[in-house]
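So the structure is just underneath, and the comments pick up after that.
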Amino acid sequence: MANPPVLDDQLRRQFEDLLALPDTDPQAALLKDLLGSVLRLNESRLDMLDLKISHRTLREMRYAFRAFRPYRERRKVSIFGSARIPQDNPLCDLARRFARLLAERGYMVITGAGEGIMRASNEGAGRENSFGVNILLPFENEPNPTILDDPKLIHFKYFFTRKLFFARESHASVMFPGGFGTHDETFEILTLLQTGKNNPHPVVMMDLPGGSYWKKWERFVREDMLALNLISPADTGLFRIMDSAEAAVDEIDGFYRNYHSSRFVKDRLVLRLRQPLTAVQVDDLNVRFAHLCPDGKIEQCPALPEEADEPELLALPRLAVPYHRRSAGGLRQLIDVVNTLAV
């Protein structure tokens, strides 16, 4: 069915306005390239299903970016766990308390918006401190009452786009006991950290005091994966197993005690800090973590020119680390030490 003339005219004006923007504008250059990709989809004459996947993915991502954007200054914690756990189960009480403590310390939570652990977490944090990233399924897809009809509830058709926002928007990941989906998300997060495809952040496995769910999982990781050299010893430092809501919140807070954020600038990983280190402390880091930087040394420095696109962070002190990108567990150890050295 053809577009009405008014819509065609509107699209034409939007195209002309975009093409008129200078290429010196980085966003304009990217948008033009994105438009070119759309036009090349037409040249390729893809199957209708391929086009539908492309269209739905971009539309969902556009909406999700818009929903998260007003809250980018607030740290968020993704909480995973089974939708099948009843609300009167002690695990839901633990999730509810944990989320409430997070909200009291200024965090927001992101859940899958469903029942069980997700509902308890949204209830604990409260509607105003909650995001829901709901997956459309033939079952278990009705959002829980706390997040229902909230603008921060986002519906996804595809798991891969939903996972993108769990990873992109989170400053910590917390796993309660769950089924296939929880383990899928757990290994996804750990894989992204291990391969450097996500920024360093805490990963906490939560269980009741005396519970064995994650301890059995860790036994598998150590006895069947580590023992066969399928992961490195340092990889086991990417997660913590805890049974206290207070301790879990302290673990997340502690990770950001002095470490603020990071980004790669060419071949250097720039760690932005809240407080600078002394020259002696930096020298000590170079001795203790020389194995992470075989081609250089850790240096304290001001913001690099390439970081000018984040003006709100330019005043923070930095550590420039010529990181070889092959030991996420070692990087976590470096950040842990930096957090103990705040002046």
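Applying the selection to the stretch 190-207, what residues are part of a helix (DSSP H, G or I) and free of Cβ contacts under 8 Å to residues at least 60 places away in the same chain?
Filtering the stretch 190-207 down to residues part of a helix (DSSP H, G or I) leaves 190-194.
Hits for the stretch 190-207 are 190, 191, 192.
Among the helices (runs of 4 or more DSSP H) contained in the stretch 1-96, which hold 2 or more residues that are within 30 Å of residue 147 (Cβ to Cβ)?
Where helices (runs of 4 or more DSSP H) fall fully within the stretch 1-96 and carry at least 2 residues being within 30 Å of residue 147 (Cβ to Cβ), they are 48-68.
Is it the case that some residue within the stretch 96-110 is among the hydrophobic types (A, V, I, L, M, F, W, C) and more than 18 Å from residue 202 (Cβ to Cβ)? Quick ask: steps written out before the conclusion?
Within the stretch 96-110, the subset among the hydrophobic types (A, V, I, L, M, F, W, C) is 98-99, 101-103, 108-110.
Now drop any that are not more than 18 Å from residue 202 (Cβ to Cβ), which leaves none.
No, there is no match, as no residue in the stretch 96-110 is among the hydrophobic types (A, V, I, L, M, F, W, C) and more than 18 Å from residue 202 (Cβ to Cβ).
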Looking at the stretch 87-116, which of its residues are touching a Gly at 6+ places or on another chain (Cβ under 9 Å) and farther than 20 Å from residue 142 by Cα?
-> 89, 91, 97, 98, 99, 100, 101, 102, 103
Select, from 126, 132, 116, the only residue that is in contact with a Ser or Thr (Cβ under 8 Å, 6 or more places away or on another chain) and farther than 25 Å from residue 255 by Cα.
-> 116
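Taking the condition out of contact with any His (no Cβ under 9 Å at 6 or more places or on another chain), under 25 Å from residue 96 (Cα atoms), touching a residue at least 60 places away in the same chain (Cβ under 8 Å) and not assigned by TED's automatic domain parsing to the domain that holds residue 325, does residue 187 pass?
no
What are the residues in the stretch 277-302 that are assigned to a helix (DSSP H, G or I) and either among the hydrophobic types (A, V, I, L, M, F, W, C) or out of contact with any helix residue (DSSP H, G or I) (no Cβ under 9 Å at 6 or more places or on another chain) (or both), if any?
Going through the stretch 277-302, the residues assigned to a helix (DSSP H, G or I) turn out to be 279-288, 290-292.
Correct list: 279, 280, 282, 283, 285, 286, 287, 290, 292.
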Unique match (being in the same structural domain as residue 128 (by TED's automatic domain parsing) and either modelled with pLDDT of 95 or more or surrounded by 10 or more Cβ atoms within 10 Å (Cβ to Cβ) (or both)) among 66, 56, 62, 96 | 96
Subset tally (residues that are under 16 Å from residue 85 (Cα atoms) and acidic (Asp, Glu)) for the stretch 128-152 = 2
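The values are calculated or read from the model by the stated rules, or taken from the named source; none is laboratory data. Only a predicted model underlies this, so the values are computations on that prediction, with no experimental measurement involved. Positions of Cβ are generated from backbone atoms using ideal geometry, with glycine treated the same way; all protein chains shown enter the neighbour counts.
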